[in-house]
């Protein structure tokens, strides 16, 4: 028997046992939900359909705040947007509901040991190390760099193409390039893109990054076949399995990840060498995230240099990042800050182009202030803040839910009782060990019991001084009572960075241009994990852009 045959036989035996166990009755069967459409994939095909908004709407509106649907091979999955249940999963009982092994494994294979691929104390180390880099004080220092990059995008990627009059431009391409250059400059002090007329990005790392989401999607399809399901956590062993299994898509993903890791390592080594030789100083006014993270790495700095970073914990050896961890952290920062923020920017410009009254009101507010504003002034613009909050509430950029897995039998509390399939009124839900819970970001942000009957309407006026009017239900999210950036110990640490980027981009572009006539063929796909605009199955956002004479 060949090694490949042996591996496939073991996996087959494992799944036969798993199917038999999962087909037995469960306490979750009394929770209402849609019938499965497949014996093998349950409802997952519908859920992960990039254009499956109808199924998403059905989960949000037809069954209540706790929905049961079927996962792979008969597994019961909970789709949760009850406020008390989410508080339990993400905050109160977060040690019981952990990131699923499949998700941790995929992130480990894609990036290495980083904030998205670890749990427990290892994860908390990354958070403590990285949070200071996204502090308000550090963001204040980044504002000039934000302006410089966005102005380059304005002058190089838009202005030259509309000199002779209004033109339809693909804003998706422009905004993706702008977001990547922004995180390049503010994250690692590196330029990915010259942003000059007629010149596409030439950096190999940038081109590889563009292919990472499709690669991650391929990996996600095949992940259940990997020994991660058998709880073999070794990244090296999993990579060996990818090499052995006859699945070309997995090997293509591995090669892309290796290329990106090698380039990230080169960037890290160059930055650390610059710190060593004094070209870059690690001190309070460091202007990029990597310089701050390097303080926590194995780089040999003097005691005085360690203590030069305000409020840092560099003297705590347990928080030091190894070279491998610093490389992985660099990759995840670039990846996360590029695609999520560009998705939100795409959505903002699409909304603005569709609603000239909102665009005019935004522009009037922006023009009442100086062309270049400091951090506190930008953050304080009330209507700009309201438009962004409403966009992030109604259209969170990340896929409609994030997953958690119960690591032991537990009881899930509810804010309101639910009626079971058999008519039983349930105040709590018994959750068996191993149950996957989808914490439904989109459904929570659209919940009419929280946001009112107009929850599905885009209405910036609902926000006053950063708070939604008439909302009394407290959600556990870290941003504006929404779940967009989730909550608890695995909440997004870069949400303030993302907000600042969006505000600077709008302040610069709306001062110079008018956006109108979005292509009626634009279709937003859910993606896995990030939403994006498409035309004829290509990622594009065609919108007419006109230069203003102000």
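Assorted remarks:
- Separation between Cα centres of segment 412-455 and segment 351-382, rounded to whole Å: 38
- Global geometry of segment 38-106, whether rounded, prolate or oblate, following the gyration tensor of its Cα atoms and the 1.5 cut on a/c: oblate
- Cα gyration tensor shape of segment 28-74, rounded if a/c is under 1.5, else prolate or oblate by comparing a/b with b/c: oblate
- Within segment 51-75: backbone nitrogen closer than 13 Å to the residue 40 label point (7 Å, Cα to C-beta): 72-74
- Extension gain for residue 196 to residue 517 (0.36 nm times residue separation, less C-alpha to C-alpha distance): 113.0 nm.
- Whole-number percent relative contact order across segment 85-165, with pairs defined as alpha carbons under 8 Å at least 6 apart: 13
- Sites residue 457 and residue 276, calculated FRET efficiency, Cβ-Cβ separation with R0 60 Å, nearest 0.05: 0.60
- Contour minus Cα-Cα distance for residue 421 and residue 465 (0.36 nm per residue): 11.6 nm
- Label-to-label distance, residue 91 versus residue 361, with points set 7 angstrom from Cα along the beta-carbon direction: 3.0 nm.
- Segment 350-434, relative contact order in percent, only Cα pairs under 8 angstrom and at least six apart counted: 20
- Placing a label point 7 Å from the Cα of residue 62 along the Cα-to-Cβ direction, the residues of segment 377-412 with a backbone N closer than 19 Å are 400-401.
- Gyration tensor verdict on segment 314-472 (Cα atoms; rounded if a/c is under 1.5, prolate if a/b is larger than b/c, oblate otherwise): oblate
- Difference of contour (0.36 nm per residue) and Cα-Cα distance, residue 137 to residue 258: 40.1 nm
- Cβ-based exposure ranking for 339, 54, 385, in which fewest neighbours within 10 Å come first: 54, 385, 339
Coordinate-derived values only; no laboratory data. All values derive from a computational prediction rather than experimental measurement. Backbone-built Cβ (ideal geometry, glycine too); neighbour counts: all protein chains shown.
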